[in-house]
Amino acid sequence: MKRHIIFLILGIVGIFFFNSCKKDSPNYPGGEVSPYIGIYDVRTIFKGAPIDLNLETLGGSSKITGVVTSDHSAGNLPEGLLVLQDRRRLDFLRGISIQLGEKAKEYVPGDSIVVDLIGGKLQRLNGILQITDLPSSKIEKISGDNRYQALRVTADQILKDPTKYESTLIVLVKGGFSYTPSEGQTLSGDQKINDGFGFITVRTNPKSELASLPQYKMANYWGIQFNEVSGDSLIPYQSLRTKSDLVQIKSEYKTPKAIVTGLLNDPSGSTDANYEYMQFLATEDIDFSKTPFSVVTTNNANASTPTGVPINGWATGGLRTYKINLTTGSVKKGQFFYVGGTNKLITGEKSTDISAAHWIANYDYANKGGYDFGTKTGNLLANSGNAFGVAIFSTVQVINTTIPEDVVFVSTGGSLASATAGYRIANTDFYDIINPVNLTNQPFYRNGDNTKAFVYVSPSADTFIQFNGEFNMTLGRWTKSRVQNNVPLTKESQLKEIENEFSTKLIE
């Protein structure tokens with residue numbers, strides 16, 4: 001009986017405590033709601049119809065705080081919009097626009113402000129989600145000259161969800177046109193910019209002082225992303241704020257003579273030895289007897305020696321890197337060619353013979369050392385989940401300073417780079433020798449923002465990893481960056497399964 005009474009008392013106390021908390025804070029039992037709500041959370045309130053902003057719709061909060069990114073001095077942003085952004089929610093950098101009329105011009109980038117939202121309305125006008133019906137007295141400037149950030153995003157990320165980065169300061173990196181701009185062409189009007197991941201409109205008011213900005217072959221575009229309505233869809237566009245938001249890229253992005261388009265790292269059967277191979281695509285006619293090339297692979301499995309950062313980069317040797325020279329044969333522009341072990345089978349023992357493919361080198365890497373460096377091995381490419389890579393060079397003289405024509409990496413594990421050593425990259429769709437945003441040197445894989453890699457396939461056996469993209473020969477750049485397509489192979493698979501409409505293409 002006593003036990004029942006104790007439980008009853010505890011239950012009553014618990015109910016009393018819960019109700020007390022509930023009266024104080026309907027959303028956060030046991031605590032008080034912050035007066036500040038993140039911009040990310042404000043944006044999620046909108047469900048398609050205008051909504052009044054009050055304590056109920058804001059979950060007990062009443063204010064937002066953030067840093068201003070809008071700058072109306074050049075007359076290129078949508079009129080009357082004050083744009084700010086914050087990271088209050090999950091460290092997501094998100095922005096919002098406030099319709100403030102002429103008062104919006106009084107604020108400049110770096111101003112820290114607090115906005116009282118009560119009495120305002122959240123609605124989408126002219127395609128842009130914005131807060132309206134707020135008097136300027138609802139906005140308090142706290143300080144100026146604060147640091148603020150731009151998000152580096154790609155066109156495909158924006159196109160996938162135009163609302164995600166709306167009213168956020170973004171930078172489109174290595175943007176170019178579908179043609180080579182002529183002298184005198186300007187940004188005035190709507191211009192389609194390609195960053196290798198898709199096309200985004202950069203909108204420049206013809207009456208703005210930015211309208212005379214030149215079209216560059218390649219540039220970084222800093223600006224705020226907005227949307228407009230077309231039918232039932234939101235169409236994103238970017239607006240630069242000042243002339244300094246357009247930054248010409250002067251780094252050399254030359255056309256590689258050959259590009260890496262696929263590989264088989266884990267053939268089926270009891271051994272991989274002499275069954276692995278790499279696929280390449282020539283961008284020009286090459287006679288290897290007159291212009292020798294070389295292919296170097298890197299295997300960074302934990303058992304590969306020497307361990308640690310590869311001080312000599314691609315020329316490290318041992319079980320880390322292995323070089324195969326290409327000194328005979330020829331290939332035509334637009335033709336696939338192959339480099340690999342002595343067996344010319346599509347996926348290991350007893351599989352389809354693909355000797356009819358255009359093989360330039362079949363080397364007995366299982367029983368011979370590589371040319372100049374590399375220990376004989378049963379695995380050119382790792383199956384451990386650690387990083388492995390392939391680089392093609394337009395020379396057979398490869399040392400730690402030699403820059404490849406093209407390079408790809410799969411996975412990221414292992415000891416790969418330091419500030420002064422590692423695997424050198426080329427300027428590709430994935431990598432940049434000089435960081436295009438902050439212009440710092442980053443010559444190695446895993447330096448700076450050279451962190452992208454294709455995904456390790458698990459289980460990896462019998463999978464041809466195809467790298468699909470579009471390289472524009474006229475522009476000398478990738479207009480569709482390579483994406484990974486994992487092609488499952490069987491013993492009966494045919495060559496057409498790895499050379500098809502999904503393969504990387506040269507666009508004239």
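The values are calculated or read from the model by the stated rules, or taken from the named source; none is laboratory data. All values derive from a computational prediction rather than experimental measurement. Note that each Cβ is placed from the backbone with ideal geometry, even for glycine, and that neighbours are counted across all protein chains shown.
Summary table below
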{"read-out": "The stretch 486-506: number of residues that are surrounded by 14 or more Cβ atoms within 10 Å (Cβ to Cβ) and out of contact with any helix residue (DSSP H, G or I) (no Cβ under 9 Å at 6 or more places or on another chain)", "value": "10"}
{"read-out": "Filtered residue count, the stretch 453-485, keeping only those that are surrounded by fewer than 15 Cβ atoms within 10 Å (Cβ to Cβ) and more than 22 Å from GLY198 (Cα to Cα)", "value": "2"}
{"read-out": "Qualifying strands (runs of 3 or more DSSP E) (wholly inside the stretch 58-127; at least 2 residues being surrounded by 22 or more Cβ atoms within 10 Å (Cβ to Cβ))", "value": "63-68, 81-86, 94-99"}
{"read-out": "Enumeration of residues in the stretch 317-331 that are in a loop (DSSP other than H, G, I, E, B) and either among the polar types (S, T, N, Q) or not assigned by TED's automatic domain parsing to the domain that holds PHE280 (or both)", "value": "THR327, THR328"}
{"read-out": "Unique match (being touching a helix residue (DSSP H, G or I) at 6+ places or on another chain (Cβ under 8 Å) and surrounded by fewer than 20 Cβ atoms within 10 Å (Cβ to Cβ)) among THR204, THR242", "value": "THR242"}
{"read-out": "Hey, SER70 more than 30 Å from LYS243 (Cα to Cα), modelled with pLDDT of 55 or more and small (Gly, Ala, Ser) or not", "value": "no"}
{"read-out": "Output for the stretch 439-452, where each listed residue is buried (at least 20 other Cβ atoms within 10 Å of the Cβ), in contact (Cβ under 8 Å) with a residue 12 or more places away in the chain and on the phi < 0 side of the Ramachandran plot", "value": "PRO443, PHE444, TYR445, ASN447, ASN450"}
{"read-out": "Whichever residue in the stretch 379-409 is of a type in the set (Gly, Ala, Ser) and at pLDDT 95 or above and, among such residues, is nearest to GLY476 (Cα to Cα)", "value": "SER394"}
{"read-out": "Pair list, Cβ < 9 Å and 6+ apart or interchain, from the stretch 312-331 residues that are surrounded by 17 or more Cβ atoms within 10 Å (Cβ to Cβ) to residues that are of a type outside the set (S, T, N, Q) and in a helix (DSSP H, G or I)", "value": "THR321/GLY313; THR321/TRP314; THR321/ALA315; LYS323/TRP314; LYS323/ALA315"}
{"read-out": "Residue count, the stretch 372-399 (criterion: over 27 Å from the mean Cα position of the chain (by Cα) and not charged (D, E, K, R))", "value": "13"}
{"read-out": "Matching entry among ASN343, ASN400 (being in contact with a helix residue (DSSP H, G or I) (Cβ under 8 Å, 6 or more places away or on another chain), of a type in the set (S, T, N, Q) and closer than 30 Å to LYS290 by Cβ)", "value": "ASN400"}
{"read-out": "Filter result for ALA357 (assigned by TED's automatic domain parsing to the domain that holds SER460 and under 34 Å from the mean Cα position of the chain (by Cα))", "value": "yes"}
{"read-out": "Complete set of residues in the stretch 272-308 that are in contact (Cβ under 8 Å) with a residue 24 or more places away in the chain and among the charged types (D, E, K, R)", "value": "ASP272, GLU276, GLU284, ASP285, ASP287"}
{"read-out": "Hey, ILE425 free of Cβ contacts under 8 Å to residues at least 40 places away in the same chain, within 24 Å of the chain's Cα centre (by Cα), under 17 Å from ILE259 (Cα atoms) and buried (at least 17 other Cβ atoms within 10 Å of the Cβ) or not", "value": "yes"}
{"read-out": "Residues of the stretch 29-61 satisfying the condition of being farther than 21 Å from ILE113 by Cα, among the charged types (D, E, K, R) and within 35 Å of the chain's Cα centre (by Cα)", "value": "LYS47"}
{"read-out": "From the options VAL339, VAL309, residue that is within 30 Å of PHE444 (Cβ to Cβ), under 31 Å from the mean Cα position of the chain (by Cα) and surrounded by fewer than 22 Cβ atoms within 10 Å (Cβ to Cβ)", "value": "VAL309"}
{"read-out": "Residue that is surrounded by the fewest Cβ atoms within 10 Å (Cβ to Cβ), among those in the stretch 265-306 that are in a strand (DSSP E or B) and over 28 Å from the mean Cα position of the chain (by Cα)", "value": "ASP287"}
{"read-out": "Residue within the stretch 48-55 that is more than 21 Å from ARG124 (Cα to Cα) and either free of Cβ contacts under 8 Å to residues at least 60 places away in the same chain or not β-branched (Val, Ile, Thr) (or both) present", "value": "no"}
{"read-out": "Failed item in (1) closer than 24 Å to ASP462 by Cα; (2) assigned to a loop (DSSP other than H, G, I, E, B), with ALA361 passing the rest", "value": "(2)"}
{"read-out": "Which listed residue is of a type in the set (Val, Ile, Thr), in the same structural domain as THR307 (by TED's automatic domain parsing), touching a Pro at 6+ places or on another chain (Cβ under 7 Å) and within 25 Å of GLU276 (Cα to Cα), from ILE433, ILE392, ILE403, ILE399", "value": "ILE392"}
{"read-out": "Residue that is modelled with the lowest pLDDT [pool: residues in the stretch 433-448 that are in a loop (DSSP other than H, G, I, E, B), under 13 Å from ALA419 (Cβ atoms) and over 16 Å from the mean Cα position of the chain (by Cα)]", "value": "THR440"}
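Yes/no per residue for (1) closer than 28 Å to VAL67 by Cα; (2) outside any helix (DSSP H, G or I); (3) among the hydrophobic types (A, V, I, L, M, F, W, C):
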position: GLN149; (1), (2), (3): yes, yes, no
position: LEU159; (1), (2), (3): yes, no, yes
position: ILE193; (1), (2), (3): yes, yes, yes
position: SER244; (1), (2), (3): yes, no, no
position: LYS254; (1), (2), (3): no, yes, no
